[in-house]
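**Student:** Please find one structure pasted underneath; my questions will follow.
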Amino acid sequence: MSKPSKGIYLAIAAAGALVVAGGVTFWYAAQKNAAAQTTADQLVTVNATTCEPNTITVPGGRRSFEIVNASDRPIEWEILDGVMVVAERENIAPGFRSTLEVQLAPGEYAITCGLLSNPRGTLTVTPSDEAAAAASEVTLRKFLGPLSEYRVYLVMQGNAAVKAAEALRDAVAAGDLEAAREAWRQARLPYRRVEPLAYRFSDLEERIDVHAAYLAKREADPAFTGYHRIEYGLFAENSTEGLTPVAEALVKDLTELAARLKQAPLDPGLLIEMPGESALQIAQGQLPQGDNLYAGNDLEDLGASLDGIEKLTTLLRQVVSQVDPALDKVIEQDLQATRARLATITAEGHPSYGDVPKDQREALAADLTQLFESLRKLQPAIGMN
């Protein structure tokens, strides 16, 4: 065997230096980003094991949080009231930051800090004049019709999600890979339509729709369950083997979700907040890298998400059209522009979301962000802080 040349050793050394330099560059960028000034009410840095700070106190009212990811994983940051998600930002890339604005009532909340297995932090919201004013400005009478109609929509889509999951379970149990793949695609759609409210049940969402990136052992983690665990088996491992118990658990969890959707408290503030918050979450958390990483059918899912957003905005427009017709028209135009953009991208026949060019993803994200900016004007227009 011939002796390796000196050039090979130099190449290996150079490659190693690049790896080290890359690591140092990421660390420096993350630390610099974490230390940067912010105009938000609170800066929160999430590292591999905790949030800094992990104990926060703010006055009630509309507050903003700037979340910096100083870890080496994508993260989500949530404010929790028991098992209910008050607000969240998801899929914040390493070294990046995201801003969250939320209306907070006085009370004690928990905050998640990166991996789902990490200890949670504490958020204390104190009484304030702003919080008291926000609670008193909106009358329920304006919203009786929209709230009732949305409840019916939740019940219908919740039941549809259970039936679709049962069809998926049956296809998996039969060992029919292609039928199971198609059933999985269909099973996602009703869930995405109710996701603006469904994701707020944190205990169920962590079983139904958890992503491997948020778990310590990723795809090998025992907590990797629900839609994406089945997706991984069907589309990455190309097999139905071992998925029947996962599918049965999904049916059980969606049945519980459907029951909660029938009974969940609904109020005007929540109804106003959900469509815009959902649009922004999709724009920032899902469109850049995709949500269904193994199946790649994000464009189908996005259509269902827009169904859910459109249902909410249609109900809210019944109220806003009486007090601000110009805003009502802008919201309609923004929603239709997003629909048209999605239709154009879909018409190009991309077999997988991974084939969608970056500029088209960014354009779609911009449309959804613009929709969010218009929807956030609903609160002052209707008479709510």
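**Student:** Which one is right for this structure if Rg/Rh (Cα atoms, Kirkwood Rh) is calculated from it: (i) 1.00; (ii) 1.07; (iii) 1.09?
**Tutor:** Label (i) holds the value from this structure.
**Student:** Could you give the semi-axes, largest first, of the ellipsoid that matches the stretch 220-339, computed as the square roots of 5 times the alpha carbon gyration tensor eigenvalues and rounded to whole Å?
**Tutor:** Gyration-tensor ellipsoid for the stretch 220-339: 34, 19, 10 Å.
**Student:** Something else now. Could you work out which residue, out of 344, 244, 255, moves most in a Gaussian network model of the chain, that is, has the largest mean-square fluctuation with Cα springs under 10 Å?
**Tutor:** Comparing 344, 244, 255 in a Gaussian network model of the chain, the most mobile one is 344.
**Student:** Shifting gears a bit: Quick check: at a probe of 1.4 Å, how many percent of the accessible area of the chain sits on carbon and sulfur atoms? Present the calculation step by step, with values, prior to reporting the outcome.
**Tutor:** Details: 9730 of 17380 Å².
Roughly 56 percent of what the probe reaches on the chain is carbon or sulfur.
**Student:** Using a Förster distance of 41 Å, how high is the FRET efficiency between residue 343 and residue 49, based on the Cβ-Cβ distance and rounded to 0.05? Could the numbers behind the result be given before it?
**Tutor:** Details: r = 44 Å, r/R0 = 1.07.
Between residue 343 and residue 49 the formula returns 0.40.
**Student:** Ordering 64, 117 from largest to smallest accessible area (1.4 angstrom probe), what's the sequence? Don't skip to the end; give the middle numbers.
**Tutor:** Details: 64 20, 117 90 Å².
I get 117, 64, largest accessible area first.
**Student:** Keeping every protein chain present and rolling a 1.4 Å probe, give me the accessible area per residue for the stretch 300-379 in Å². Present the calculation step by step, with values, prior to reporting the outcome.
**Tutor:** Numbers: 3670 Å² over 80 residues.
That works out to 46 Å² for each residue.
**Student:** Between residue 363 and residue 238, what is the label-point separation in nm under the 7 Å Cα-to-beta-carbon projection?
**Tutor:** 3.5 nm
**Student:** Per-residue accessible area for residue 311 at 1.4 Å probe radius, Å² rounded to 10?
**Tutor:** Spelled out: residue 311, probe radius 1.4 Å, area about 50 Å².
**Student:** Mind counting lysine pairs for me in the chain? Cα separation below 22 Å, and the two need to be 8 or more apart along the chain or on different chains.
**Tutor:** 12
**Student:** Counting other C-beta atoms within 10 Å, and keeping those with at most 15, which DSSP coil GluC sites (Glu not before Pro) do you find in the stretch 282-385?
**Tutor:** Working: sites: 300, 310, 332, 348, 362, 373; in loops: 348.
Here the GluC sites (Glu not before Pro) that fit, given the DSSP loop and packing criteria, are 348.
**Student:** For the chain, what is the relative contact order in percent, using Cα pairs closer than 8 Å and at least 6 residues apart in sequence?
**Tutor:** 15 percent
**Student:** When DSSP beta bridges are limited to those with both residues in the chain, what percentage is antiparallel, rounded to the nearest 5?
**Tutor:** Within the chain, antiparallel bridges account for around 70 percent of the total.
**Student:** To the nearest 10 square angstrom, how much accessible area does residue 382 have with a 1.4 angstrom probe?
**Tutor:** Rounded to the nearest 10, that gives 10 Å².
**Student:** Under the √(5λ) rule applied to the eigenvalues of the Cα gyration tensor, what semi-axes describe the equivalent ellipsoid of the stretch 31-123? Give them in Å, descending. Don't jump to the answer; show the numbers that get you there.
**Tutor:** On the way: eigenvalues 76, 47, 23 Å².
Value: 19, 15, 11 Å, ordered largest first.
The values are calculated or read from the model by the stated rules, or taken from the named source; none is laboratory data. Fair warning: this is a prediction, and the values are worked out from it, not measured in the lab. Cβ atoms come from the backbone with ideal geometry, glycine included; neighbour counts cover every protein chain shown. Ligands, DNA and RNA are stripped out before the accessible areas are found, and what is left, the full protein with its side chains, is counted by its heavy atoms. Shrake-Rupley method; radii C 1.70, N 1.55, O 1.52, S 1.80 Å.
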